[in-house]
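Notes follow the structure.
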Amino acid sequence: MNYQPIIGLEVHVELATKSKMFCGCPVEHFGVTPNIHTCPVCLGLPGALPVPNKKAVEWTILLGLTLGCKVNKESKFDRKNYFYPDLPKGYQISQYDEPIAVDGELRIKNYELRDRIIRIRRVHLEEDTGKLQHAEINSEKVSLVDFNRSGVPLVEIVTEPDFRSIEEVDIFLKKLQRIIRYLGISGADMEKGSMRLEPSISISASRKPLQDLVLQRPSPLPPYRVELKNINSFRFVRKALEYEIKRQTEMLRTGVQPLQQTRGWSETKNETIPQREKEEAHDYRYFPEPDIPPMRFTSDQVSVIRDQISELPDAKSARFVKQYGITDYAATILTDDPAMAIHFETAVQLLKPEQSFLVADLANWLINKRVDLSGTTPAELVIQVTKSKEATDIDQNELDKIITEVVGINKKAVTEYKLGKEPALMFLVGQVLRKVKADPRLVKELLKEGLLHE
Ligand code: ZN
Ligand code: MN
């Protein structure tokens, strides 16, 4: 038998709007005094009426479009009923059968550099819950509720079960996080809980070769799936999935079918722990939210939002390589953080034509020196890099001496260059630069000149 993990993801992202999803309270809740950002609406007091946040709706459309989704012309909110102390209304306003966006995809390259398409099933909008804090007061164990987070706009992104390895999950999540940060709609910060992950995993046991299982979508899917909750870092996603792959595979090997259930990750025990048997949609008794009219989007409204999609990380990285001649590696790091990318480009534009050779140095400086972006303007950056180059500038005589020396011991390259082979010149430049730190362009010119007169 071959055992192949089949993984899908639910990702919750808090939107960085000014106010909450259905009221005017501020969205800040991390490290804030408990229960100060609350009102009758987000406390679920009787008679309070929700009013949807327009920006949150627009940003959900924006994210949906960026993920290649189709925006539904009509969309509505529904009540998802369940009881938990952090949910004051006894239901969460969410979206059930008419989400804002559906049927998208995100392409990733896995570690074997194989192209993989991860289908996005839906992108919908809902509200966050309050937060429980378990504490001890006067040696009594208590649970406290903080409603600052209650009603913060939350986007839920649901993928199809298209992941075949933990690596693919990892690559996808990092790419998604970058996209969200680029759009400027959320910090997508796992430590602060503004990005939260719920992978679901099952194992497909089959006599087919593993290669087929990876490339094809197994049908039928395994008859069970395990949903993992409470995972707040990329590292724990990896560990929880590793644990589940092992646990489920061992069960299947001994002929036992794993149960359909929800499990949580325990940091202290380093294992997943069963929480409850998986509930079905009908357990939530979804029904349309009667206090909010359905939404209708015209094609014009959608295309105005589509026009707001800025250059995304992959495209920017490719452009940096092409336009500025920096390495793939440098471009990827520079574009990882949109603020760093802007700093780099602004600084490059400040270079005088004769300084254009400094582009790579600027990139390296930003990457290696961990420049404090808020405390250093692009102009200051250019000055710093220029100075650092001057400091290493060596005496002209010294450079001439080294060039003569290199030309003297690399007769073959010299002959090749004279026969018209340009790469030979670059080889000689490289040999000089191995011995001394200098501007490659200057070295090239000096070499050319020297070889003319040889
Ligand atoms: Zn409120
Ligand atoms: Mn949700």
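Could you go through region 93-114 and let me know if any residue there is of a type in the set (Lys, Arg) and closer than 30 Å to Asp146 by Cα.
no
When you look at Lys55, is it away from ligand 1 (no atom under 16 Å from the Cβ), among the basic types (Lys, Arg) and out of contact with any Pro (no Cβ under 6 Å at 6 or more places or on another chain), yes or no? Full working, then the answer.
Details: away from ligand 1 (no atom under 16 Å from the Cβ): no; among the basic types (Lys, Arg): yes; out of contact with any Pro (no Cβ under 6 Å at 6 or more places or on another chain): yes.
Considered against the rule, which asks whether it is away from ligand 1 (no atom under 16 Å from the Cβ), among the basic types (Lys, Arg) and out of contact with any Pro (no Cβ under 6 Å at 6 or more places or on another chain), Lys55 comes out as no.
Mind listing just one residue for me: the one in region 21-58 that is in a loop (DSSP other than H, G, I, E, B) and within 16 Å of ligand 2 (Cβ to nearest atom) and, of those, surrounded by the fewest Cβ atoms within 10 Å (Cβ to Cβ)?
Top of the filtered list is Phe22.
Just for region 59-75: of the residues that are without any contact (Cβ under 8 Å) to a residue 60 or more places away in the chain and part of a loop (DSSP other than H, G, I, E, B), which one is farthest from Gly130 (Cα to Cα)?
Filtering region 59-75 for residues that are without any contact (Cβ under 8 Å) to a residue 60 or more places away in the chain and part of a loop (DSSP other than H, G, I, E, B), the one farthest from Gly130 (Cα to Cα) comes out as Gly68.
Among the candidates Leu373, Leu425, single out the residue that is of a type in the set (A, V, I, L, M, F, W, C) and either in contact (Cβ under 8 Å) with a residue 60 or more places away in the chain or within 30 Å of Ala341 (Cα to Cα) (or both).
None of the other options fit; the residue is Leu373.
Say whether the condition of being closer than 23 Å to Ile100 by Cβ, among the charged types (D, E, K, R) and away from ligand 1 (no atom under 16 Å from the Cβ) is met by at least one residue in region 3-17.
yes
Considering only residues of region 82-120 that are buried (at least 18 other Cβ atoms within 10 Å of the Cβ) and of a type in the set (Lys, Arg), which is farthest from Gly31 (Cα to Cα)?
Ranking the candidates gives Arg116 first.
For region 403-428, which positions are outside any helix (DSSP H, G or I) and not small (Gly, Ala, Ser)?
Asn410, Leu419, Lys421 - these are the residues of region 403-428 that are outside any helix (DSSP H, G or I) and not small (Gly, Ala, Ser).
For region 76-172, give me every one of the strands (runs of 3 or more DSSP E) that falls completely inside it and has 3 or more residues that are in contact with a Gly (Cβ under 8 Å, 6 or more places away or on another chain) and either away from ligand 1 (no atom under 16 Å from the Cβ) or small (Gly, Ala, Ser) (or both).
The strands (runs of 3 or more DSSP E) meeting that bar are 101-109, 115-127.
Where the second residue is among the polar types (S, T, N, Q) and at pLDDT 95 or above and the first is farther than 13 Å from Ile166 by Cβ and more than 16 Å from ligand 2 (Cβ to nearest atom) and lies in region 4-19, which pairs have Cβ atoms under 7 Å and are six or more apart or on separate chains?
Ala16/Ser186; Thr17/Asn53; Ser19/Asn53
Which of the residues spanning region 434-443 are surrounded by fewer than 16 Cβ atoms within 10 Å (Cβ to Cβ) and either at positive phi or part of a helix (DSSP H, G or I) (or both)?
Arg434, Lys435, Pro440, Arg441, Leu442 - these are the residues of region 434-443 that are surrounded by fewer than 16 Cβ atoms within 10 Å (Cβ to Cβ) and either at positive phi or part of a helix (DSSP H, G or I) (or both).
Do you know which residues across region 93-123 are more than 22 Å from Arg296 (Cβ to Cβ) and acidic (Asp, Glu)? Please lay out each step first, then the result.
Going residue by residue through region 93-123, those that are more than 22 Å from Arg296 (Cβ to Cβ) are 105-121.
Within region 93-123, Glu105, Glu112, Asp115 meet the criteria.
Of all residues in region 1-20 being outside any loop (DSSP other than H, G, I, E, B) and among the small types (Gly, Ala, Ser), which is nearest to the chain's Cα centre (by Cα)? Full working, then the answer.
If we filter region 1-20 for residues that are outside any loop (DSSP other than H, G, I, E, B), which is where we start, we get 2-14, 19.
Applying the additional criterion that residues be among the small types (Gly, Ala, Ser) yields 8, 19.
Working: Gly8: 16, Ser19: 24 Å.
If we take residues in region 1-20 being outside any loop (DSSP other than H, G, I, E, B) and among the small types (Gly, Ala, Ser), then Gly8 is nearest to the chain's Cα centre (by Cα).
Matching residues to (1) part of a helix (DSSP H, G or I); (2) modelled with pLDDT of 90 or more; (3) not charged (D, E, K, R):
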site	(1), (2), (3)
Ile342	yes, yes, yes
Glu345	yes, yes, no
Val348	yes, yes, yes
Leu358	yes, no, yes
Ala363	yes, yes, yes
Ile383	yes, no, yes
Ala391	yes, no, yes
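Residues in region 220-243 that are under 18 Å from Tyr3 (Cβ atoms), assigned to a helix (DSSP H, G or I) and touching a residue at least 60 places away in the same chain (Cβ under 8 Å): how many?
Matching residues across region 220-243 total 2.
Collect the residues in region 124-175 that are in contact (Cβ under 8 Å) with a residue 12 or more places away in the chain, of a type outside the set (Asp, Glu), away from ligand 2 (no atom under 16 Å from the Cβ) and out of contact with any helix residue (DSSP H, G or I) (no Cβ under 9 Å at 6 or more places or on another chain), keeping them in residue-number order.
Listed by number, the residues that qualify are Leu132, Gln133, Ser143, Leu144, Val145, Phe147, Asn148, Pro161, Ile171, Phe172.
Could we say that Thr129 is buried (at least 17 other Cβ atoms within 10 Å of the Cβ) and touching a strand residue (DSSP E or B) at 6+ places or on another chain (Cβ under 6 Å) here?
no
Can you tell me which residue in region 409-426 is nearest to Asp395 (Cα to Cα), limited to those that are among the hydrophobic types (A, V, I, L, M, F, W, C) and surrounded by 17 or more Cβ atoms within 10 Å (Cβ to Cβ)?
Leu425
Please enumerate the residues belonging to region 406-420 that are farther than 18 Å from Arg441 by Cα and not aliphatic (A, V, I, L, M).
Gly408, Asn410, Lys411, Lys412, Thr415, Glu416, Lys418, Gly420, listed by residue number.
Taking into account only those residues within region 132-152 that are within 30 Å of Arg178 (Cα to Cα) and modelled with pLDDT of 95 or more, which is surrounded by the most Cβ atoms within 10 Å (Cβ to Cβ)?
Within region 132-152, the match that is surrounded by the most Cβ atoms within 10 Å (Cβ to Cβ) is Gly151.
The values are calculated or read from the model by the stated rules, or taken from the named source; none is laboratory data. On a predicted model such as this, the values are computed, not experimentally measured, just so you know. Glycine also receives a Cβ, built like all others from the backbone with ideal geometry; neighbour counts cover every protein chain displayed.
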